[in-house]
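The structure appears below as structure tokens.
Values in this text are rule-based calculations from the coordinates and carry no lab data. Treat the numbers as computed from the prediction; the structure is a model and nothing was measured. Heads up, the Cβs are rebuilt from the backbone with ideal geometry, glycines too, and the neighbour counts pull from every protein chain shown.
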Amino acid sequence: METIVLSVAGVDPSAGAGLLADLETFRTHGARGVGVVSLLTVQSSRGVSRVHVLDAELVRDQLAALFEDLPIAAVKTGALGDAAVVRAVADALADFRGPIVVDPVACSSSGAVLLDDAGLEALRDALFPRATLVTPNLAEAKRLTGLEVHDLASMAQAAAQLRQLGPGAVLVKGGHLDGAPTDLWLDADGVMELRGERVSTRHSHGTGCAYASAIAARLALGESPRRAADNAHRWLLDALRAAPGLGGGSGPLELRVPPPPIADR
């Protein structure tokens, strides 16, 4: 039987980020993806010009239909749009016992707001306590904690504050740090730094989505959380290096580059 991973996310018509990119990332890492749409966008590699958040009841019904029918092994959430949708997703996951990776997408890389302050509060209150892993970038960590997050010390401080809300682990993504990018992982065993290299490309659209989705797929397939993060991090660098150069703005990664084999199973 195939391992099924569910993405709850927005639709980016260019498939650089969001639900469409999540499904391709799951398949690359060896899992079958299914999806629930939370919001629709008008966007391309040049940016987002319109966002339409779906009714929370419709999101809830999509989730119920899939959970009633399929043996879902893991869940990844992305852009959810508003507090009502966040709470609908949290309610639907109340009895789910598999890994849950929450990517707290608050704005697009082009600056479009995808979740307001009320939505962030709902994430903190309703969804983070259910999460196996939360994966904010620097800007999201700042909005979620109120801290200035600009170096490894402040990333660790933000991760500790977020972990107090209940997730098993927090991964603060440091792609926007000066110099070599370093991500910071915090779980019950302490801190792990994931050091990378600066890839010279403007085609980095959907990097955060791909990272979180790769981890979710690897968790579903039985890899331990730290190994899943490390292997997803290594794969992400290859996906950036191989970006196909599509579009006139920030284009997508090459999500089909071969990943490291699944460990721990």
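Just for the range 4-241, what percent of DSSP beta bridges are antiparallel, to the closest 5?
45
Non-local amide H neighbours of Ala243 (under 5 Å, H modeled in plane, Pro and chain starts lacking H): which ones?
The list, which skips near neighbours in sequence, is Glu254.
Quick one: if the Förster radius is 45 Å, what FRET efficiency do Ser49 and Asp178 give, using the C-beta to C-beta distance and rounding to 0.05?
It comes to 0.90.
Which GluC sites (Glu not before Pro) in the range 1-105 sit in a loop by DSSP (not H, G, I, E or B) and have at most 12 other Cβ atoms within 10 Å of their own Cβ?
Working: sites: Glu2, Glu24, Glu57, Glu68; in loops: Glu2.
Counting only loop positions with at most 12 other Cβ atoms within 10 Å, the GluC sites (Glu not before Pro) in the range 1-105 are Glu2.
Could you please rank Met155, Met1, placing first whichever residue has the fewest other Cβ atoms within 10 Å of its Cβ?
Taking fewest neighbouring Cβ atoms as first place, the list is Met1, Met155.
Once whole DSSP H runs in the chain are found, which of them have Cα atoms spread over 18 Å or more along the helix axis and a mean Kyte-Doolittle score of at least -0.5? If you can, show how the numbers build up before the last one.
Working: long enough: 56-69 (20 Å, 0.13); 207-220 (20 Å, 0.99); 225-241 (24 Å, -0.92).
Those that clear 18 Å and a mean of -0.5 are 56-69, 207-220.
Which semi-axes, in whole Å and largest first, does the equivalent ellipsoid of the chain have when worked out from the alpha carbon gyration tensor as the square roots of 5 times its eigenvalues?
Value: 23, 21, 20 Å, ordered largest first.
Take every Cα pair under 8 Å in the range 4-241 that's 6+ residues apart, average their separations, divide by the length, and report that relative contact order as a whole percent. Display every interim value, and only then the final one.
Working: 503 pairs, mean separation 44.1, N = 238.
Rounded, it is 19 percent for the range 4-241.
Quick one: order Ser49, Ser14, Ser213 by neighbouring beta-carbon count within 10 Å, fewest to most.
Fewest-to-most Cβ neighbours within 10 Å comes out as Ser49, Ser14, Ser213.
Ile72: net charge of surrounding residues, Cβ under 13 Å, Lys/Arg +1, Asp/Glu -1, itself excluded?
Taking every other residue near Ile72 into account, the sum is -1.
Return the whole-Å distance between the Cα centroid of the range 231-265 and the Cα centroid of the range 145-171.
Rounded to whole Å, the Cα centres lie 26 Å apart.
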